[in-house]
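The values are calculated or read from the model by the stated rules, or taken from the named source; none is laboratory data. As the structure is a computational prediction, the values presented were derived from the model and not from experiment. For neighbour counting, all protein chains shown are included, and Cβ atoms are generated from backbone atoms with ideal geometry for every residue, glycine included. The area values use the complete protein model at the heavy-atom level, side chains included, leaving out ligands, DNA and RNA. Shrake-Rupley method; radii C 1.70, N 1.55, O 1.52, S 1.80 Å.
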Amino acid sequence: MQNSENGTIQKRAREDQYQGHDYYVLDELLEEDHILARDAVRDWVKQEVSPIIEEYSEKAQCPTHLFKGLADIGAFGPSLPAKYGCGGMDEIAYGIIMQELERGDSGIRSMASVQGSLVMYPIYKFGSEEQKMKYLPKMAKGELIGCFGLTEPDHGSNPSGMITNIKDDGDAYILNGSKMWITNSPIADLAVVWAKDEEGIIRGLIVEKGMKGFSAPEIHGKWSLRASITGELVFEDVRVPKSNVLPNVQGLKGPLTCLSKARYGIAWGAIGAGLDCYDSALRYSKERIQFGKPIGGFQLTQKKLAEMITEITKAQLLAWRLGTLANKGKATPAQISMAKRNNVFMALEIAREARQIHGGMGITNEYSCMRHMMNLETVLTYEGTHDIHLLITGMDVTGFNAFT
Ligand code: TGC
Ligand code: FAD
């Protein structure tokens, strides 16, 4: 196992042997740009993420130095327009990039999801031209880091109950309240925060680091997504200029529209985590000898591997079709919920099965499956829990709301 001296992070010696798996030859459905993007991100993950990720996770440290590299490979806002310094690619390219990042670690994908889909996207979709020009090019380059504040200590699945609020004060609003479980908040330069105005209407605001009364303490003690930094957002009479309000949206559909964008990315991303676990388990099953033969020669191991690749292939098809709908602007929020829910659960089940195939070694940092498994517990919960997405599907097919 790897060791560190003096608390510094050392690169792991073992080579990342990951190979993609494409049982139904879905590459034939991709364009050249998609394959180029995938290969570039895969190489970057092998060089920059795999050698360090186990130890950053163990130490519960966020590899913040990777923000620059993520920007260089175009991971921030890949499908936002080039005019703002973004990728100008399509939704399938965005999905594939998320898949390759999450193949490395869900926390690395989170760094990109939050920046691109939850901060840059609302500024792009709901912001003024001045706000777009001020923030988007710098965020695409990783010069500014953002976070997204929706969840509150007492309002997680039910964000419409939020109590964070703004009061009119001439050329500014006075912001009070708090947000909980916010990815990147302790290191963020800006936060897109959702708060109710005096009429109870949800508005989006850009709150900048350094504004008086604004703090972002870190949350410690996570057993999941340990290479991602999570914190609170605390607002005590923060004076936010009215020019920082996102002018083009009101109501809960503002944050939920951003969530649709990010959940779409997670539907692809989770496949990456599942693929990494499958790839490792397949290789191990051919190398590990018990009872005089490779464990991959036993029927029970084959059952696990066969079911894994079947579920991965179904998830790949779901993501690809969702991507083609998204490219036409036709992917519905409920379709996105189905894919997020299915694909994350699929990846979590695969991580558990892969851990079994690795036997005792599966619980160590020599292999990625235990880390993926722990990460995926968060992915199953954030951006809408597994059960909330089930209820979204239930409401979509029956027309009845079973949330309340
Ligand atoms: P409801 O009445 O259904 O909807 C209110 C308005 O929003 C519209 N809408 C959507 N629009 C776009 N995308 C979606 N996914 C949408 N879902 C709903 C809806 O049409 C309506 O519009 P309008 O014009 O009629 O006003 O709202 P509700 O209060 O009944 O809530 C429904 C529910 C429970 C599904 C929703 O609140 C929900 O999705 N809850 C889960 C909360 C959640 O996902 N939180 C995530 C926080 S952010 C996060 O986890 C980031 S992790 C990042 C990382 O590290 O990667
Ligand atoms: P709750 O809403 O309290 O749910 C608890 C349980 O009750 C769940 O199983 C849920 O499914 C169930 N439940 C709730 N309502 C119903 C119902 N009507 N019917 C049936 N079951 C129900 N949020 C942000 O805003 N920004 C971020 O950047 C962000 N990053 C995160 C990072 C991490 C590491 C984590 C763990 C969370 C993050 N979140 C973020 C918050 C995340 O979105 C919430 O944790 C999630 O939405 C669930 O809210 P909750 O934790 O309050 O659980």
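Between T151, T164, the distinction of being open to solvent by less than 20 Å² (accessible area, probe 1.4 Å) and either polar (S, T, N, Q) or away from ligand 2 (no atom under 16 Å from the Cβ) (or both) belongs to T164 only.
On inspection, L380 qualifies as surrounded by fewer than 23 Cβ atoms within 10 Å (Cβ to Cβ) and either part of a helix (DSSP H, G or I) or of a type in the set (A, V, I, L, M) (or both). Has segment 206-220 got at least one residue that is within 15 Å of ligand 1 (Cβ to nearest atom), open to solvent by 20 Å² or more (accessible area, probe 1.4 Å), among the small types (G, A, S) and not in a strand (DSSP E or B)? Yes - at least one qualifying residue is present in segment 206-220. Can you name every residue in segment 102-125 that is within 12 Å of L246 (Cβ to Cβ), of a type outside the set (A, V, I, L, M) and touching a strand residue (DSSP E or B) at 6+ places or on another chain (Cβ under 6 Å)? P122 - this is the single residue of segment 102-125 that is within 12 Å of L246 (Cβ to Cβ), of a type outside the set (A, V, I, L, M) and touching a strand residue (DSSP E or B) at 6+ places or on another chain (Cβ under 6 Å). Taking the listed residues R371, R352, the one that is within 30 Å of I289 (Cβ to Cβ), assigned by TED's automatic domain parsing to the domain that holds G274, within 18 Å of the chain's Cα centre (by Cα) and surrounded by 15 or more Cβ atoms within 10 Å (Cβ to Cβ) is R371, with no other qualifying.
The residue that is farthest from the chain's Cα centre (by Cα), counting only those in segment 378-404 that are acidic (D, E) and more than 8 Å from ligand 1 (Cβ to nearest atom), is D396.
Within segment 240-260, residues that are within 19 Å of E199 (Cβ to Cβ) have Cβ atoms under 6 Å from residues that are assigned to a helix (DSSP H, G or I) and of a type in the set (S, T, Y) in these pairs: L252/S160, counting only partners at least 6 apart in sequence or on another chain. Counted as qualifying within segment 72-135 are the helices (runs of 4 or more DSSP H) with 2 or more residues that are open to solvent by 10 Å² or more (accessible area, probe 1.4 Å) and away from ligand 2 (no atom under 16 Å from the Cβ), namely 91-104, 121-126. Among the residues that make up segment 385-401, is at least one of them assigned to a helix (DSSP H, G or I), among the aromatic types (F, W, Y) and more than 13 Å from A273 (Cβ to Cβ)? For segment 385-401, residues assigned to a helix (DSSP H, G or I), among the aromatic types (F, W, Y) and more than 13 Å from A273 (Cβ to Cβ): absent. Applying a threshold of 6 Å to beta carbon distances and a minimum spacing of six or more residues, or different chains, the list of pairs starting in segment 146-162 at a residue that is under 15 Å from G251 (Cβ atoms) and ending at one that is within 8 Å of ligand 2 (Cβ to nearest atom) and open to solvent by 20 Å² or more (accessible area, probe 1.4 Å) reads G161/H155; M162/H155. Only one of these is free of Cβ contacts under 8 Å to residues at least 60 places away in the same chain and among the small types (G, A, S): A37, A60, A75. Name it. On inspection, the qualifying residue turns out to be A75. For segment 252-276, filtering for residues that are over 16 Å from T332 (Cβ atoms) and away from ligand 1 (no atom under 12 Å from the Cβ) leaves 7. Of the residues contained in segment 220-229, none is found to be outside the structural domain of R341 (by TED's automatic domain parsing) and farther than 30 Å from K59 by Cβ. You will find that of I174, I163, the residue that is of a type outside the set (F, W, Y), more than 21 Å from L259 (Cα to Cα), touching an Asp or Glu at 6+ places or on another chain (Cβ under 7 Å) and away from ligand 1 (no atom under 11 Å from the Cβ) is I174 and no other. Taking the criterion of being within 13 Å of ligand 1 (Cβ to nearest atom) and open to solvent by 20 Å² or more (accessible area, probe 1.4 Å), the only residue of segment 230-250 that qualifies is Q250.
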